[in-house]
Amino acid sequence: MAAPLELSCWGGGWGLPSVHSDSLVVMAYAKFSGAPLKVNVIDNNWRGSRGDVPVLTTEDSTISQPAKILNFLRKQKYNADYELSAKQGADTLAYIALLEEKLLPAVLHTFWVESDNYFTVTKPWFASRMPFPLSLILPGRMSKGALNRILLTRGEPPFYHLREVEAQIYRDAKECLNLLSNRLGTSQFFFGDMPSTLDAYVFGFLAPLYKVRFPKVQLQEHLKQLSNLCRFCDDILNSYFRVSLGGISPAGQETVDANLQKLTQLVNKESNLIEKMDDNLRQSPQLPPRKLPTLKLTPAEEESNSLHRLSP
């Protein structure tokens, strides 16, 4: 009997099986293709690397990055694209490239760079799933990594300043959403009645943007105006993820979301308090160690003390 395929990924919230786009892409493709994945959700007890999530573990190899994982699943005969024509296959590659160039930077910015979203939602959510002290360190590194990725693709002339970069990436993202909406039209999926790789990528990028409750919702508001894309996400959730990873039905998800919100607020407060205490300790003046005064004994006390030490 073949060893099971195990997928390690970030968990869910807000009615989603995962709030992490790359994890959602792989999970959706596995559902579409019928790949039997055993899902391991990262939590406080996780001891593996979090830098390359999602990770697919097989009997003799470990694979990271959605594109590589999907290629592996196709080689194992789990192919969601077997009914596509050559032209549709080419269109799939073109649209995925469009998503990564035009939409991904805005998704990263919404989650990891926009200050209000990061400190009230993203940071506490991910920190609550990491053991101490990684919970104080890793979210900041992930935020810096997202910013560096944005600047690597958009921080070139004529956009020298971050505000100019932000304005451009949101313009690009809205244009990309409009193109996706026009391409989908009234169809259930992008290539007819059966989901494919492109549907997995679009769902993975859009669903967190659509469902996670952020204080700053610039791109989210634009997405919610495109009713066919929202319906697309809802249909996939209802058809393929009716029961979430934790075994919670959508009807009970509102209670889970409310508890999660309280938890993330608590984690955020504790994290900020620890950071402030650390800053205060570093900034406080360091006094030199005091020398204890040396007591001088009188000759009579010295003699008495020496006799006391010699006595049995």
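Figures for the structure shown
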item	result
Largest-first ordering by accessible area, 1.4 Å probe, given options 31, 75	75, 31
Net length gained if the chain between residue 115 and residue 82 were fully extended (0.36 nm per residue, minus Cα distance)	7.6 nm
For segment 5-241, size of Cβ-based charge dipole, Lys and Arg +1, Asp and Glu -1, in debye	400
Packing-based order for 180-188, 116-124, 16-24, using average beta carbon neighbours within 10 Å, highest first	16-24, 116-124, 180-188
FRET efficiency, 1/(1 + (r/R0)^6) with R0 35 Å, evaluated for residue 137 and residue 91 via beta carbons	0.25
Sequence-separation-based contact order of segment 1-112, relative, with Cα cut under 8 Å and 6+ spacing, percent	27
Separation of alpha-carbon centers, segment 179-225 and segment 39-114, rounded to whole Å	16
Relative contact order for segment 5-241, counting Cα pairs under 8 Å that sit 6 or more residues apart, in percent	26
Tensor-based shape of segment 5-241 (alpha-carbon gyration tensor, a/c under 1.5 rounded, otherwise prolate or oblate)	oblate
Largest to smallest accessible area among 43, 60, 199 [probe 1.4 Å]	60, 43, 199
Formal net charge of residues neighbouring residue 95 (Cβ-Cβ distance under 14 Å; K, R +1; D, E -1)	-3
Extension gain, residue 183 back to residue 67 (0.36 nm per residue minus Cα-Cα distance, nm)	39.5 nm
Accessible area in square angstrom per residue, segment 49-174, 1.4 angstrom probe	54
Percentage relative contact order, segment 114-243, counting C-alpha pairs under 8 Å, at least six apart	25
Residue 9 accessible area, assembled protein chains, probe 1.4 Å, Å²	0
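The values are calculated or read from the model by the stated rules, or taken from the named source; none is laboratory data. Bear in mind that the values here come from a model prediction, so they are computed numbers and not experimental data. We place every Cβ from the backbone using ideal geometry, glycine too, and count neighbours over all the protein chains shown. Accessible surface is based on the protein model in full, side chains and every heavy atom, while ligands, DNA and RNA are left aside. Shrake-Rupley method; radii C 1.70, N 1.55, O 1.52, S 1.80 Å.
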